[in-house]
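Asker: Submitted below is the structure of interest, expressed as structure tokens.
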Amino acid sequence: MNVLLLLALILFILMSIVGGKKGIRSFLALFLNFGVIFLTILFMLSIKNTIIVTLIACTIISCINLFYINKFNHKTLAAFVSTIITLAVLVFFIFIIEHHSMIQGFGEEQEEEINAFSLYVGIDFAKIAICTIIMGAIGAIIDISLSISSSMNELFVHDPSVTKKNLFNSGLKIGRDILGTTTNTLYFAFVGGYLTLIIWFKRLSYSFGDIINSKTFCAEVISILSGGIGVAIIIPITSWISASIFLQKREKGKQYKEIK
Amino acid sequence: MSPLYSQHIRNLFSKQKSNKLSRKQIFLYILGICCLCIALIVTNHNYSLYKKTIAEVVKANVVEQNKSTDLNHNKDAVYSQKIVAKIMNGKYKGRLIHLENTYSYSGAYDQKYTVGTDLFVSLEKNSQHALSGTIEGVKRDKQVTAVAGLFILILLAIGRKQGFYSIISLFINIVLLIGALNVYLALGNVSLLAVCIVAVVLFTVISLLLVSGNKEKTHVAIISTLIGTFVSLLIAYGVMQLTDSNGLHYEGMEFVTIPPQKIFMSEVLIGSLGAVMDVAITITSSVYELYEKNKEIAHKDLLKSGKEIGGDIMGAMTNILFFSYISGTIPMVLLYLKNGSPLGYTFSMNFSLELIRALTGSIGIVLTIPITLYLSSLFIFRKGNRK
């Protein structure tokens, strides 16, 4: 039996026991997400504008994780709109950062692995670098925006006469509480994947200057930091959009009552 | 002064305190911004700190352009650049140097240089007047500093106090990790996994104490995190033993300097830690809040609400791990596929390890939910019984 299959089976059993129906949906969503990444990579082989491909992929991924796992309602709608806006802002940010720091493609440390390949493959790796960073952070961005919008909804239900400003401020407060743990999650996930790289640097006695200027290291650090920036800027964006959408819903409800 | 009036003022004051910045905070922000500015100025003018020669590009012209088609019919364009750069440090400081560079449209392993870029160069002196050399790499320290500065500023501006704590905890974690690896390399004969297990305990205790303070719920979260992480690691280890590591492709692992099996388990352990901590702290906070709000709450109801919260965060947390692992492989997968590697081979080479990481981490996340719930209710009701 294959390691992957057995682990997936264990995960499926655990998720269905602990999470019930929602657990099963979450497990299926993981597969759907993998399918989306798979298709995205295939599209990237032939479509030049890989950033657009990534943005479409991210939209589909947000739909899966928000509307499929949690059903379509004004909470998930607010989270969805905020995710898309944050992604657009983040792409712009990362585009500038990538352009100046030149972290695309592969570093010296990967030379052994890539030297069997032709490197002139006609894909703009600068754009691929942007896609990689965005894809790495999308999970965390969706998570944080959904957490904020559902907690805000909870507050809104308890106090329907709340003002927009107060609702927005409580959104910020909720966001701040989860900011620390989410940046930590991203940090450990990335570091876990690059433990070997750090040991490589140490073994080959790279100097501090060598490390901080190496392409592989910079790419890694910039990925973590950009993810962190994304996770931070989604907090005010979600708070504002959720406040607007919830209050609009209240206004509509009022009008409806008046007509009646 | 009537008591009501003083109350009103107090309210106003507390409102002001929460919404507007105090003088001390403003001072701290200005101090922070000054530090960042100094860091930026330093990294922009730190040429003399480097032993390697650095040259700043002052002129870059494309002299040749060729179309290229490789064996797999991939079309690309290859350019040659003639670069004039000014040496910024060392013996030849201030002199000009002539460099050559070849880059492609893809830029997988090469780079177009523009005016203003700082390059590390190795000098070859072939005549007395003209200096020439080869490009060894790009100086990226100021860009990294700028992004780090931006990150810190945004986290502080949005996260305020919590943002500050998360930066501190990130910083401590980085120092701890480097410390742990130094210990590992200095001792030589201990296993990396043992060092990482000790590091994981420290990471968990420090991060969680910083995030939520020295309270009972933090202690519960710490214990649950440790149990969750280690049990999931044991499960992964058991599965690998049981299946004889069938389907594992250590060949796909990058930057390997020691036997990959050893390092892989350590990577899995550290990689899932953040997510497991996140789950543990979310569940303990919610369960304790439910209890604080309603001290009469029945054991069963508390567990039921906790389970619901667990189900809500499970999907999102597993997704975070999944995406951060898989995304890093995209460039390599594209390179494999463009070079005509078969789909199955490409995927098993690049994805098998990442998927195992993600699956093990996810198992840790899901396991931590009932563990945390059980432990928090144990602590809460033990306390309740005592009263």
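The values are calculated or read from the model by the stated rules, or taken from the named source; none is laboratory data. Computed from a prediction, not measured in an experiment: that's the story for all the values here. So basically every Cβ, Gly included, is an ideal-geometry build from the backbone, and we count neighbours across all protein chains shown.
Asker: Among (1) surrounded by fewer than 22 Cβ atoms within 10 Å (Cβ to Cβ); (2) more than 7 Å from every other protein chain (Cβ to nearest Cβ); (3) polar (S, T, N, Q); (4) closer than 30 Å to residue A:18 by Cβ, where does residue B:352 come up short?
Answerer: Result: residue B:352 fails condition (2) only.
Asker: Give region A:41-88 a look and list any residue that's of a type in the set (S, T, N, Q) and either in a loop (DSSP other than H, G, I, E, B) or surrounded by fewer than 22 Cβ atoms within 10 Å (Cβ to Cβ) (or both), or say none. Steps first, answer last, please.
Answerer: Filtering region A:41-88 for residues of a type in the set (S, T, N, Q) gives A:46, A:49-50, A:54, A:59, A:62, A:65, A:70, A:73, A:76, A:82-83, A:86.
The answer is A:46, A:49, A:59, A:70, A:73.
Asker: To continue, here is another question. Name the residues in region A:102-119 that are at the interface with chain B (Cβ under 7 Å from one of its Cβ atoms) and either among the hydrophobic types (A, V, I, L, M, F, W, C) or surrounded by fewer than 22 Cβ atoms within 10 Å (Cβ to Cβ) (or both), would you?
Answerer: Within region A:102-119, the subset at the interface with chain B (Cβ under 7 Å from one of its Cβ atoms) is A:102, A:104-106, A:109-110, A:113-114, A:117-119.
Listed by number, the residues that qualify are A:102, A:106, A:109, A:110, A:113, A:114, A:117, A:118, A:119.
Asker: Confirm whether residue A:27 is under 22 Å from residue B:352 (Cβ atoms) and in a helix (DSSP H, G or I).
Answerer: Details: under 22 Å from residue B:352 (Cβ atoms): yes; in a helix (DSSP H, G or I): yes.
Spelling it out, residue A:27 is indeed under 22 Å from residue B:352 (Cβ atoms) and in a helix (DSSP H, G or I).
Asker: Cβ-Cβ below 8 Å, separation at least six or inter-chain, first residue in region B:159-170 and of a type in the set (A, V, I, L, M), second part of a helix (DSSP H, G or I): which pairs?
Answerer: Qualifying pairs under 8 Å: B:167/B:152; B:167/B:155; B:167/B:156; B:168/B:210; B:170/A:183; B:170/A:184; B:170/A:187.
Asker: It is to be established whether one or more residues within region A:203-213 are crowded, with 20+ Cβ neighbours inside 10 Å, touching a helix residue (DSSP H, G or I) at 6+ places or on another chain (Cβ under 9 Å) and either at pLDDT 90 or above or at the interface with another protein chain (Cβ under 7 Å from one of its Cβ atoms) (or both). Reasoning before the result, please.
Answerer: At the first step, the residues of region A:203-213 found to be crowded, with 20+ Cβ neighbours inside 10 Å are A:213.
Adding the requirement that they be touching a helix residue (DSSP H, G or I) at 6+ places or on another chain (Cβ under 9 Å) leaves A:213.
Imposing the further condition that a residue be either at pLDDT 90 or above or at the interface with another protein chain (Cβ under 7 Å from one of its Cβ atoms) (or both) reduces the set to A:213.
Yes, region A:203-213 contains at least one residue that is crowded, with 20+ Cβ neighbours inside 10 Å, touching a helix residue (DSSP H, G or I) at 6+ places or on another chain (Cβ under 9 Å) and either at pLDDT 90 or above or at the interface with another protein chain (Cβ under 7 Å from one of its Cβ atoms) (or both).
Asker: Name every residue in region B:95-151 that is assigned to a strand (DSSP E or B), touching a Ser or Thr at 6+ places or on another chain (Cβ under 6 Å) and among the acidic types (Asp, Glu), in order of residue number.
Answerer: B:124, B:136
Asker: Can you find a residue in region B:113-128 that is farther than 24 Å from residue A:214 by Cβ, of a type in the set (Lys, Arg) and either surrounded by fewer than 18 Cβ atoms within 10 Å (Cβ to Cβ) or at the interface with chain A (Cβ under 10 Å from one of its Cβ atoms) (or both)? Outline the logic, then answer.
Answerer: Within region B:113-128, the subset farther than 24 Å from residue A:214 by Cβ is B:125-128.
Then drop every residue that is not of a type in the set (Lys, Arg), which leaves B:125.
Checking which are either surrounded by fewer than 18 Cβ atoms within 10 Å (Cβ to Cβ) or at the interface with chain A (Cβ under 10 Å from one of its Cβ atoms) (or both) leaves us with B:125.
Yes - at least one qualifying residue is present in region B:113-128.
Asker: Still on this structure: Just checking, how many residues over region B:211-220 are farther than 16 Å from residue B:291 by Cα and either assigned to a helix (DSSP H, G or I) or of a type in the set (Asp, Glu) (or both)? Reasoning before the result, please.
Answerer: Going through region B:211-220, the residues farther than 16 Å from residue B:291 by Cα turn out to be B:211-214, B:219.
From the residues that got through so far, the ones that are either assigned to a helix (DSSP H, G or I) or of a type in the set (Asp, Glu) (or both) too are B:211-212, B:219.
So the count comes out to 3.
Asker: Also, I was wondering about something else. In region A:1-23, how many are touching a residue at least 12 places away in the same chain (Cβ under 8 Å) and either more than 7 Å from every other protein chain (Cβ to nearest Cβ) or not in a helix (DSSP H, G or I) (or both)?
Answerer: Within region A:1-23, the subset touching a residue at least 12 places away in the same chain (Cβ under 8 Å) is A:11-12, A:15, A:22.
Checking which are either more than 7 Å from every other protein chain (Cβ to nearest Cβ) or not in a helix (DSSP H, G or I) (or both) leaves us with A:12.
Total meeting the criteria: 1.
Asker: In region A:150-160, how many are surrounded by fewer than 21 Cβ atoms within 10 Å (Cβ to Cβ) and in contact with a Lys or Arg (Cβ under 9 Å, 6 or more places away or on another chain)? Please lay out each step first, then the result.
Answerer: Residues of region A:150-160 that are surrounded by fewer than 21 Cβ atoms within 10 Å (Cβ to Cβ), as a first pass: A:150-151, A:153-155, A:157-160.
Applying the additional criterion that residues be in contact with a Lys or Arg (Cβ under 9 Å, 6 or more places away or on another chain) yields A:150, A:153, A:160.
Of the residues in that region, 3 qualify.
Asker: With the checklist (1) more than 7 Å from every other protein chain (Cβ to nearest Cβ); (2) out of contact with any Phe, Trp or Tyr (no Cβ under 8 Å at 6 or more places or on another chain); (3) in contact (Cβ under 8 Å) with a residue 40 or more places away in the chain in hand, flag the one item residue A:222 doesn't pass.
Answerer: Evaluating residue A:222 over (1) more than 7 Å from every other protein chain (Cβ to nearest Cβ); (2) out of contact with any Phe, Trp or Tyr (no Cβ under 8 Å at 6 or more places or on another chain); (3) in contact (Cβ under 8 Å) with a residue 40 or more places away in the chain leaves (1) as the failure.
Asker: May I pose another question? Got at least one residue in region B:235-247 being under 24 Å from the mean Cα position of the chain (by Cα) and either facing chain A (nearest Cβ under 9 Å) or at pLDDT 90 or above (or both)? Lay out the reasoning, then the answer.
Answerer: Filtering region B:235-247 down to residues under 24 Å from the mean Cα position of the chain (by Cα) leaves B:236.
Still in the list and also either facing chain A (nearest Cβ under 9 Å) or at pLDDT 90 or above (or both): B:236.
Scanning region B:235-247, I find at least one residue that is under 24 Å from the mean Cα position of the chain (by Cα) and either facing chain A (nearest Cβ under 9 Å) or at pLDDT 90 or above (or both), so the answer is yes.
Asker: What pairs can you find where one residue is in region A:147-169 and within 13 Å of residue A:240 (Cα to Cα) and in contact (Cβ under 8 Å) with a residue 24 or more places away in the chain, the other is of a type in the set (Lys, Arg) and part of a helix (DSSP H, G or I), and their Cβ atoms are less than 8 Å apart, with a gap of 6+ or different chains?
Answerer: If the second residue must be of a type in the set (Lys, Arg) and part of a helix (DSSP H, G or I), the pairs left are A:149/A:75; A:153/A:75.
Asker: Can you find even one residue in region B:271-284 that is more than 10 Å from chain A (Cβ to nearest Cβ) and over 29 Å from residue A:220 (Cα atoms)?
Answerer: The first filter runs over region B:271-284 and keeps only residues more than 10 Å from chain A (Cβ to nearest Cβ), leaving B:283-284.
Still in the list and also over 29 Å from residue A:220 (Cα atoms): B:283-284.
There is at least one residue in region B:271-284 that is more than 10 Å from chain A (Cβ to nearest Cβ) and over 29 Å from residue A:220 (Cα atoms).
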